[in-house]
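Enquirer: Below is the structure I would like to discuss, written out as structure tokens.
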Amino acid sequence: VLRSVLAVVDDFERAYADLKAAPAADLESRIKGFELVQKAFAKMLAESGVEEIPASGSFDPEKHEAIMQVVDASREPGSVVAVLQKGYTHRGIVLRPARVSVAA
């Protein structure tokens, strides 16, 4: 896992160096560079058995941490309205619960 992380760190450092060196008008290529780093991180995590906790459906206290309730007539009470911080599992074990807002 650590070797995979180092490869992504290298990508991030290259994107950051490019960000500092590129003209301000070249925003589109800068965004693409950081998107590539994000995809590399996601691939590395997936290959290591890490999965993002789904952001929709009913609140599950085993996988979600409710940070706040919101009034939303279009949602079923107890359903996840928004994810404030992504949560992750590793081979079915929660590494970090998703911090969510829940419909009241």
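The values are calculated or read from the model by the stated rules, or taken from the named source; none is laboratory data. Please read these numbers as outputs of a predicted model, since none were measured by experiment. As a convention, Cβ positions derive from the backbone with ideal geometry for all residues, glycine included, and neighbour counts pool all protein chains shown.
Enquirer: Collect the residues in the stretch 84-104 that are in contact (Cβ under 8 Å) with a residue 24 or more places away in the chain, within 26 Å of Met44 (Cβ to Cβ) and either loosely packed, with under 15 Cβ neighbours inside 10 Å or not basic (Lys, Arg) (or both), keeping them in residue-number order.
Expert: Lys86, Gly87, Tyr88, Thr89, His90, Arg91, Val94, Leu95, Pro97, Ala98, Val100
Enquirer: Given the conditions (1) among the β-branched types (Val, Ile, Thr); (2) farther than 26 Å from Arg99 by Cα; (3) in a strand (DSSP E or B), report the number of the one that Ile67 does not fulfil.
Expert: (2) is the only condition that Ile67 fails.
Enquirer: Just name the residue that is surrounded by the fewest Cβ atoms within 10 Å (Cβ to Cβ) out of those in the stretch 42-83 that are in contact with a Gly (Cβ under 8 Å, 6 or more places away or on another chain) and among the aliphatic types (A, V, I, L, M).
Expert: Ile53
Enquirer: Tell me which of these Ser56 doesn't satisfy, since it passes every other one: (1) of a type outside the set (A, V, I, L, M, F, W, C); (2) at pLDDT 95 or above; (3) not in a strand (DSSP E or B).
Expert: (2)
Enquirer: Could you pull out the residue among Leu27, Leu2, Leu6, Leu19 that is without any contact (Cβ under 8 Å) to a residue 24 or more places away in the chain and surrounded by 14 or more Cβ atoms within 10 Å (Cβ to Cβ)?
Expert: Going through Leu27, Leu2, Leu6, Leu19 in turn, just one is without any contact (Cβ under 8 Å) to a residue 24 or more places away in the chain and surrounded by 14 or more Cβ atoms within 10 Å (Cβ to Cβ): Leu19.
Enquirer: Follow-up question, since we're still on this one. Which residue out of Ala21, Ala15, Ala73, Ala55 is closer than 27 Å to Leu95 by Cα and hydrophobic (A, V, I, L, M, F, W, C)?
Expert: Answer to the check: Ala55.
Enquirer: Return the residues of the stretch 53-92 that are closer than 17 Å to Ala104 by Cβ and small (Gly, Ala, Ser); say none if nothing qualifies.
Expert: Across the stretch 53-92, the qualifying residues are Gly57, Ser58, Ala66, Ala73, Ser74, Gly78, Ser79, Ala82.
Enquirer: Further, regarding this structure: Return yes when Ser48 is within 22 Å of Lys86 (Cα to Cα) and without any contact (Cβ under 8 Å) to a residue 60 or more places away in the chain and no when it is not.
Expert: Criteria met by Ser48.
Enquirer: Turning to a different aspect of this structure: I need the full set of residues from the stretch 30-45 which are without any contact (Cβ under 8 Å) to a residue 12 or more places away in the chain and over 14 Å from the mean Cα position of the chain (by Cα), in order please.
Expert: Those that are without any contact (Cβ under 8 Å) to a residue 12 or more places away in the chain and over 14 Å from the mean Cα position of the chain (by Cα): Ile31, Lys32.
Enquirer: Given the condition touching a helix residue (DSSP H, G or I) at 6+ places or on another chain (Cβ under 8 Å) and either among the polar types (S, T, N, Q) or assigned to a strand (DSSP E or B) (or both), answer yes or no: does some residue in the stretch 70-89 qualify?
Expert: Within the stretch 70-89 (the criterion being touching a helix residue (DSSP H, G or I) at 6+ places or on another chain (Cβ under 8 Å) and either among the polar types (S, T, N, Q) or assigned to a strand (DSSP E or B) (or both)), the answer is yes, since at least one residue qualifies.
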